[in-house]
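The values are calculated or read from the model by the stated rules, or taken from the named source; none is laboratory data. Since this is a predicted model, take the numbers as computed values, not measurements. Please note: Cβ atoms are built from the backbone with ideal geometry, for glycine as well, and neighbour counts cover all protein chains shown. Note: accessible area is taken over every heavy atom of the protein model, side chains too, but ligands, DNA and RNA are not part of it. Shrake-Rupley method; radii C 1.70, N 1.55, O 1.52, S 1.80 Å.
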Amino acid sequence: VQLQASGGGLVQAGGSLRLSCADPKRTFSNNAVGWFRQTPGKECEFVAQISWNGGSKSYADTVKGRFTISRDRAKNTVDLQMSALKPEDTAVYYCAVARGSHSGASATSYAYWGQGTQVTVSS
């Protein structure tokens, strides 16, 4: 599995960014996909996940109402639309493929991880 995360960058507080996770080899079509984030010295934090067909989604309380996860099965991508960004959202964001068609917030439920994309929110 080769995951390609993109879309990170520098944005002012209150702004928006859209992250995208691509799977060129089309290996996560039947798996849930999640987004996690990590800052130096802290554990990896769950952000959001979406089931294999997009029918089930869940979010961390810290991003609920501001972030939206979606997937395009034709393009084999999973996007994370981030709005109303806050400085505390600054982190490296990773997409990950779950072991099954549905998943949750535990990082151990995810088998494959992308390389990460940096998101920096300035105050």
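By how many nm would the segment from Asn76 to Asn30 grow when fully extended, if each residue of separation counts as 0.36 nm and the alpha-carbon distance is taken off?
15.5 nm
Using a 1.4 Å probe and counting only protein heavy atoms, arrange Ser51, Ser70 so the residue with the most accessible area comes first.
The ranking, largest first, comes out as Ser70, Ser51.
Around Ser16, what is the net charge, scoring Lys/Arg as +1 and Asp/Glu as -1 over all other residues with Cβ under 13 Å from its Cβ?
Combined, the nearby Lys, Arg, Asp and Glu give +1.
Can you give the extra length, in nm with one decimal, that the chain gains between Asp61 and Ala111 once fully stretched, where that is 0.36 nm per residue apart less the Cα-Cα distance?
Between Asp61 and Ala111, full extension yields 15.7 nm more.
Whole-Hz ³J(HN,Hα) for each residue in region 81-88, computed from phi via Karplus 6.51 cos²θ - 1.76 cosθ + 1.60 with θ = phi - 60°, x for glycine and proline: what do you get?
8, 10, 10, 6, 5, 10, x, 6
Counting heavy atoms of the protein chains only and a 1.4 Å probe, report the per residue accessible area for the chain as a whole number of Å².
Value for the chain: 49 Å² per residue.
Tell me, what is the FRET efficiency for Thr39 and His102 to the nearest 0.05, using R0 = 35 angstrom and their Cβ-Cβ distance as r?
Calculated value: 0.80.
Just checking the chain: which Cys have no other cysteine's beta-carbon under 4.7 Å?
Lone cysteines by the Cβ rule: Cys44.
Within the accessible area of the chain, what % is carbon and sulfur when the probe is 1.4 Å and the other protein chains stay in place?
48 percent
For Val1, what charge total do you get from the other residues with a beta carbon under 14 Å from its beta carbon, if Lys and Arg give +1 and Asp and Glu give -1?
Residues near Val1 contribute +2 overall.
What is the sum of charges, Lys and Arg at +1 and Asp and Glu at -1, for the other residues whose Cβ falls under 10 Å from the Cβ of Ser51?
For residues surrounding Ser51, the net value is +2.
Can you give me the long-range amide H partners of Thr90? Hydrogens built in the peptide plane at 1.01 Å from N, cutoff under 5 Å, separation of 5 or more residues or another chain.
The answer is Val121.
Beyond 18 Å, what share of the Cα-Cα pairs of the chain is found? Please give it as a whole percent.
Counting pairs separated by more than 18 Å, the tail of P(r) holds 44 percent.
Counting other C-beta atoms within 10 Å, and keeping those with at most 14, which DSSP coil trypsin sites (Lys or Arg not before Pro) do you find in region 47-123?
Taking region 47-123 and a limit of 14 other Cβ atoms within 10 Å, the loop trypsin sites (Lys or Arg not before Pro) found are Lys64, Arg73, Lys75, Arg99.
If the chain between Glu88 and Ser123 were fully stretched, how many nm would it gain, using 0.36 nm times the residue separation less the Cα-Cα distance?
Residue separation times 0.36 nm, minus the Cα-Cα distance, leaves 11.6 nm.
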